[in-house]
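The values are calculated or read from the model by the stated rules, or taken from the named source; none is laboratory data. Note that the structure is a prediction, hence the values are computed from the model and not measured. For neighbour counting, all protein chains shown are included, and Cβ atoms are generated from backbone atoms with ideal geometry for every residue, glycine included.
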Amino acid sequence: MRACEEANSGTRAHAPTLIAGAGDVLIAVDLARQSGCGLRWIDPASGRMTRNVIVGASVGQCGGATIDSSGQSVYVIADGPTVHVTLLKADASTGAVESEIRLPAVSQFFSITATPDRIWIGGGDPGTNGSLLYLAVNPMRLLAQSDPVNGARQTLPTFGQFPQIGLSGGRVWVASDGPLGCFAPSSSRALAIVKQGRSPIVSNTIVDVAGRVWSVAGGTGNPPYGLTRLFPPRSCR
């Protein structure tokens, strides 16, 4: 593996992250913007920027982004100056905003994953519990969350600080400094919740590769973190 500095020209941003969808959708997101999320479409063959769009410029700081599993929609969260944040759905090809919804500000930065029908969001600042939000897409509406407010019909489990959400192997996986969990993407009912009582602690994104589930665990050992294979309950498979 080698780095190609030349391919970075025109795509530099402060604290960028990459998100990828189906096909050749590759977007660099500027998560440090103080007004909206700066999205830069990247040609995966050359690394060159092909489009530059700011989504949610009038709302607040960029707090997270993802592309849904179909590659058709990009979701960004703008962290406004109030007790709410704004989730915006945009076309993954053009960046044109199609819909938006205000949500409880459970954190400043968020982990997001989405399918064409459902959206999962996790957040939890240092020293606080990790909360989940579960939404329908059409129309965008809140279905459930860790704290039953704003009309949520049912509650979701509470996790540890910095919950990380990922969609892999047909399951939504939630890792945190506390419990681990797995869900079917289309249901807010947990398939399994596992408590973590001692090091190593799995708090990074969980991925299923050919039926084997992996993550990165941290702790007080030597080395303090490392690649870890997980053996989820049968209900998660």
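Things worth noting here:
- Count of region 158-192 residues, restricted to those that are under 13 Å from the mean Cα position of the chain (by Cα) and among the aromatic types (Phe, Trp, Tyr), is 2.
- Members of region 121-137 found to be assigned to a loop (DSSP other than H, G, I, E, B) and under 16 Å from Thr155 (Cα atoms), listed by number: Asn129
Residues checked against (1) part of a loop (DSSP other than H, G, I, E, B); (2) under 23 Å from Asp68 (Cα atoms); (3) modelled with pLDDT of 90 or more; (4) of a type outside the set (Lys, Arg):
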{"site": "Asp208", "(1), (2), (3), (4)": "no, yes, yes, yes"}
{"site": "Ser215", "(1), (2), (3), (4)": "no, yes, yes, yes"}
{"site": "Gly221", "(1), (2), (3), (4)": "yes, no, no, yes"}
{"site": "Pro232", "(1), (2), (3), (4)": "yes, no, yes, yes"}
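- Within region 68-76, not a single residue is in contact with a Leu (Cβ under 8 Å, 6 or more places away or on another chain), within 20 Å of Gly123 (Cβ to Cβ) and without any contact (Cβ under 8 Å) to a residue 24 or more places away in the chain.
- Cβ-Cβ contacts under 8 Å between residues 6 or more apart (or on different chains), taken from a first residue in region 136-148 that is touching a residue at least 40 places away in the same chain (Cβ under 8 Å) and more than 15 Å from Ala90 (Cβ to Cβ) to a second residue that is part of a strand (DSSP E or B) and of a type in the set (Gly, Ala, Ser), are listed as Pro139/Ser99; Leu143/Ala136; Gln145/Ser131; Ser146/Gly130; Ser146/Ser131; Asp147/Ser131.
- Taken over region 16-34, the criterion of being assigned to a loop (DSSP other than H, G, I, E, B) and either at pLDDT 85 or above or under 17 Å from the mean Cα position of the chain (by Cα) (or both) is satisfied by Gly21, Ala22, Val25, Leu31, Ala32.
- For region 179-192, the count of residues that are touching a Ser or Thr at 6+ places or on another chain (Cβ under 6 Å), modelled with pLDDT under 90 and either part of a loop (DSSP other than H, G, I, E, B) or of a type in the set (Asp, Glu) (or both) is zero.
- Boolean, Ala114 is out of contact with any His (no Cβ under 7 Å at 6 or more places or on another chain), of a type in the set (A, V, I, L, M), at pLDDT below 90 and buried (at least 23 other Cβ atoms within 10 Å of the Cβ): no
- Residue in region 49-62 that is surrounded by the most Cβ atoms within 10 Å (Cβ to Cβ), counting only those that are in contact with a strand residue (DSSP E or B) (Cβ under 7 Å, 6 or more places away or on another chain) and part of a loop (DSSP other than H, G, I, E, B): Gly56
- Note on region 139-155: residues that are in a loop (DSSP other than H, G, I, E, B) and either at pLDDT 90 or above or touching an Asp or Glu at 6+ places or on another chain (Cβ under 7 Å) (or both) amount to 2.
- Qualifying residue in region 78-91 (condition: of a type outside the set (Phe, Trp, Tyr), at pLDDT 90 or above and loosely packed, with under 15 Cβ neighbours inside 10 Å): yes
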